[in-house]
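Here is the structure we will look at, set down as structure tokens.
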Amino acid sequence: MNRYVVLFLLLLSCGCQDNPQQEANRTQNGPQKKYTVVVTTGMVGDLVRHVAAEHAEVIGLMGEGVDPHLFRPTASDNGKMMGADIIIYSGLMLEGPLQPALEQASKRGKIVAAVTEKLPQDKVRIPDGFGHHPDPHVWGDVKTWALCLDQVVDVLSEYDPESAEDYENNAAAYRDELQEIDDYARKAIASIPEDRRYLVTAHDAFEYFSNAYVIHVKSVQGISTDSDPGVQDINELVDFLVENKIPAIFVEATVNSANLRAVIEGAKQQGWDVTIGGMLYSDSLGTPNTYEGTYIGMMDSNITTIARALGGTVPQNGLNGKLTIGEKNSN
Ligand SMILES: [Zn+2]
């Protein structure tokens, strides 16, 4: 009798193992289903995380406050890249010193792609006097940055065609969120009195922002941070501030602010007081797992900081009420 019970139980447990639900869970949660994407900047990571969602593990190389123009990979970074299934970077020469490592990975058969690779030519700025190199700071214009979602969808779908529909849907949902921050930027910058609509920063990272949201920009340093500005550059900027009576200039999270201090000092000697309008994120996101650590939070922080310092009208804690800069800046 006992033998029959045992046999019956065995049959039952066998039946359980063939349960289609369990079968499905196994394939979904199986380690073979989650692939790895290594990304360079926080902004690129943000795009890839939104599109990939639960399908991939996304590993960032450049953390908070890291300058992508100067970033050189360590042995551990190279290890991460060689261990990844896909490497996605920003492109347009933003990650200059990382380029050899990206080429190496590509030669060894890795999928290596830039989010800006398929941007229409008329969306990419080619400034004068920069050896006709494109301006890489595309994320400053939300609408153009949102176009990069298509490339992320293409790259992930090619690697994992089964989830292509998910990638398309995830990108579409994120596009709607991006539209909101784009609308906010337009309104917030337009609320600054016209004669004060000048954005003065340490390096030239805001030209896309400037074109998209209609604010003039001026910077001490050029488009990359790999060369020092001369005394001439600093003096020119001082004269500009004094002549146009610009009330505030902005420091950047990834760039040394010594040059800006020299500018403030220079203006003071000409009898014009310039204040620091706050800190802007130019080439990195804020602290991971905070609102400012997301692309939308980073843009909200920049837009709100700029508008407030130059006399515009913006909500105290930004578009989504999640910013903490309002409190910090009023001290
Ligand atoms: Zn930059």
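Taken together, the values in this text are just the output of simple stated rules run on the coordinates, not laboratory data. Nothing here was measured: the structure is a model prediction, and the numbers come from that model. Every residue, glycine as well, gets a Cβ built from its backbone with ideal geometry; the counts of neighbours run over all protein chains shown.
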### Message
Test of understanding: what is the full-extension gain from THR290 to ILE276, defined as 0.36 nm times their sequence separation minus their Cα-Cα distance?
### Response
2.7 nm
### Query
Using the count of nearby Cβ atoms within 10 Å as a rough guide to exposure, how do TYR295, TYR198 rank from fewest to most?
TYR198, TYR295
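What is the sum of charges, Lys and Arg at +1 and Asp and Glu at -1, for the other residues whose Cβ falls under 9 Å from the Cβ of PRO247?
Values: positive: ARG196, LYS245; negative: ASP273.
With Lys, Arg at +1 and Asp, Glu at -1, the net is +1.
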### Over 22 Å between alpha carbons, listed pairs LYS245/LYS268; LYS143/LYS245; LYS143/LYS187; LYS118/LYS218; LYS187/LYS322; LYS245/LYS322
LYS143/LYS245; LYS118/LYS218; LYS245/LYS322
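If you wrap a convex hull around the C-alpha atoms of the chain and split its volume per residue, what is the figure in Å³? Don't skip to the end; give the middle numbers.
Details: hull volume 58.1 nm³, N = 331.
So the per-residue hull volume is 176 Å³.
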### Relative exposure of PHE206, PHE71, PHE240, judged by other C-beta atoms within 10 Å (fewest first)
PHE240, PHE71, PHE206
### Query
Modelled label-to-label distance, GLU54 and VAL124, 7 Å Cα→beta-carbon offset: nm?
3.7
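I'd like the FRET efficiency for ASN78 and LYS322, computed as 1/(1 + (r/R0)^6) with the beta carbon distance as r and R0 of 30 Å, rounded to 0.05.
Numbers: r = 36 Å, r/R0 = 1.20.
The calculated FRET efficiency here is 0.25.
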#### Entry: For LYS218, net neighbour charge (Lys/Arg +1, Asp/Glu -1) across residues whose Cβ lies under 10 Å away
-2
### Query
Whole-Hz Karplus ³J(HN,Hα) for the range 116-129, in order, using 6.51 cos²θ - 1.76 cosθ + 1.60 and θ = phi - 60°, x for Gly and Pro?
8, 3, 9, 4, x, 4, 6, 8, 9, 7, 10, x, 5, x
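Summing +1 for each Lys or Arg and -1 for each Asp or Glu, what net charge is found among the other residues whose Cβ lies under 12 Å from the Cβ of TRP272?
Numbers: positive: LYS245, LYS268; negative: ASP239, GLU243, GLU265, ASP273.
Its environment carries a net charge of -2.
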## Note on the structure
Quick calc, HIS216 & GLN99: beta-carbon distance into FRET formula, R0 25 Å, rounding 0.05, result 0.20
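What full-extension length gain, to one decimal in nm, is calculated for ARG175 and ILE111 as 0.36 nm per residue of separation minus the Cα-Cα distance? Walk me through the numbers on the way to the answer.
On the way: separation 64, 0.36 × 64 = 23.04 nm, distance 2.48 nm.
Contour length minus the Cα-Cα distance gives 20.6 nm.
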### Message
I want to check the label-to-label distance for SER191 and VAL231. Put each point 7 Å from Cα in the C-beta direction and report it in nm to one decimal.
### Response
4.3
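Please compute the length gained on full extension between HIS133 and ASP85, using 0.36 nm multiplied by the number of residues separating them and subtracting their Cα-Cα distance. All intermediate terms of the calculation are to be shown ahead of the outcome.
Details: separation 48, 0.36 × 48 = 17.28 nm, distance 2.96 nm.
Length gained, HIS133 through ASP85: 14.3 nm.
In what sequence, highest mean first, do 173-182, 43-52, 102-111 appear when ranked by Cβ atoms within 10 angstrom?
On the way: 173-182: 15.7, 43-52: 24.9, 102-111: 13.6.
Packing order, densest peptide first, comes out as 43-52, 173-182, 102-111.
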